[in-house]
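Heads up, the thing below is written out as structure tokens.
No lab work stands behind these numbers, since they all come straight from the coordinates. All values derive from a computational prediction rather than experimental measurement. A quick note on method: Cβ atoms are made from the backbone with ideal geometry, for glycine too, and the neighbour counts reach across all protein chains shown.
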Amino acid sequence: MSPVVPESPIINFLPYQKAWIADQSRFKIGMFTRRGGKTFGSCGEIVDDCIRAEIDRRKVRWTILSRSENTAKEALEDALKPMTRAYYAVLKGLSNRPKPEFTEGELHVPAYTDVDLTTGQLIHYPEARYKTQEVHFPGGSRVVALSASPDAARGFGGNLLLDEFAFHRDSRRIWGSAFPVVSRGGHKLRVISTPNGKGNKFYELMTAEKEGRIWSRHVVDIYEAVRQGLDVNIEEIRAGMADQDAWAQEFELAWLDEASAWLDYDLISACESNSAGLPGLYMGGLCFVGVDIAARNDLFVIVVLELVGEVLMVREIIAKKRISFAEQDRLLDDVMRSYRVVRVAMDQTGMGEKPVEDAKARHGSERVEGVLFTGAAKLDMATSLKESMQDRKTRIPAGDPVLRADLHSIKSQVGLTGNRRLVADGDGDGHADRFWALAVSAADLGPESFGYQGVPGTRSRFADPDNDDDDDAEGSGRGNKRGAW
């Protein structure tokens, strides 16, 4: 039986939405532009299927798994519920025949009825019932919208819609739970999304050759959507995005890989130096220190950058796991004695409050700064680091695969709201702790000029033994003297 796709001012589906609804393939996947109405069209198919089940006196069940609870509710409130009401309104208007009122035994048939001209049977269209996350049709069909998780995917029954699947956390685990369930009983599976890089199951499903044979694929970018009647101004949206990567991914449906990595491997390699990462090559210049606080499983990281001319040279990276706060304090104190540190930027988020307070007490609030790692602050720091590396003004140790992987693990993602955020990809050692220690140490040096007062009676751990009494070396920072600061 062909789908009911109403031609009515109440519901105006665009041609590509009608094509999606009309495609009754069991396994169907669609990659659609943002603002193209992919959820609206998908909800149209679900309501259509439920209405058909009502007419045929069958029961169907649909589950919508969205990336979050809020987006699940939006799918119901903004699309499925009003569309269900609209479908019923359209069905009511399909016939101008008078509606019979009579009693069958003890049962009174509602006035809202229609007659099947082929069989002469009455067709009843009572209203559906609406709950917060569910729509119940009077004949027993049901639609449920949930936040996506492996457990939710394992527990659903019937047909399934994975909404914005590329943005689901644990997309592979969700797929591993959902597909075995939907593969039984001839149920339908619908997958829709915009791209979100290549590191998720949606990318694999859209691009796989062998597995792709079972899928009916639909692809509609912003240009095709507008050609088919989508009423948006392309140039206005592009200008408003002001981000070419985000525009390419969200509207042109580009698969961004290296573009989604905040620091690609070419940039990382270009900033490597054989002279970086060697404390013994410290030239006595001004230093900037970044500290990423950690406990338990994350890494505690200190990065020391020496200002050499206009270049920030990584002099030392200290990375320790599962060490006490006392040991973390000792490591920072050792760094402060060994280098001419003009600023320490420390992660103050959460457990960092006390270490920052203690560091200020030991080394002065003028030199120690606490940084709250909010989303906006992290984006600012990461942007400063990226720009410095693009200008080749930050140099990192060469040939360190762990450091390379850590720096490359930060991915740039554009969420459904259009906001860019940075996330650590993969399950490696730590959570890009070296990246953030480097980013916070290099961020916003500004145009300030720094003065430094040497501390008499102290000595660098890198000082030459035969120059201990060289008065000229103390505080001078000339040549390779590693005096006390």
key: q = 0.19, 0.33 Å⁻¹: log10 I(q)/I(0) that the Debye formula gives for segment 217-263, counting C-alpha atoms only   = -0.66, -1.21
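Over 28 Å between C-alpha atoms is what I'm after, so list which of LYS201/LYS320; LYS321/LYS354; LYS18/LYS411; LYS38/LYS188; LYS131/LYS411 land there. If you can, show how the numbers build up before the last one.
Details: LYS201/LYS320 34 Å; LYS321/LYS354 19 Å; LYS18/LYS411 36 Å; LYS38/LYS188 17 Å; LYS131/LYS411 38 Å.
LYS201/LYS320; LYS18/LYS411; LYS131/LYS411, as the Cα separations exceed 28 Å there.
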task = Identify the trypsin sites (Lys or Arg not before Pro) of segment 280-359 meeting these criteria: DSSP loop state and at most 15 other C-beta atoms within 10 Å of the C-beta.
result = ARG296, ARG322
request  = Sort the following peptides by mean Cβ neighbour count (other Cβ atoms within 10 Å, averaged over residues), highest first: 239-247, 220-228, 272-280.
outcome  = 220-228, 272-280, 239-247
query = Quick one: putting +1 on the C-beta of Lys and Arg, -1 on the C-beta of Asp and Glu, what dipole do you get for segment 265-452 around its Cα centre, in Debye to the nearest 20?
reply = 60 debye
task = Using only the C-alpha atoms of segment 265-452, find the volume of their convex hull and express it per residue in Å³.
result = 125 Å³
key: Expected-Rg normalisation [2.2 N^0.38 Å, Cα atoms] applied to segment 148-275   = 1.32
ask   = Which of the GluC sites (Glu not before Pro) found in segment 187-219 are in a DSSP loop and have at most 11 neighbouring Cβ atoms, other than their own, within 10 Å?
value = GLU209
message = For a quick check of your reading of the filter: which trypsin sites (Lys or Arg not before Pro) in segment 170-208 sit in a DSSP loop and have no more than 11 other Cβ atoms within 10 Å?
response = ARG184
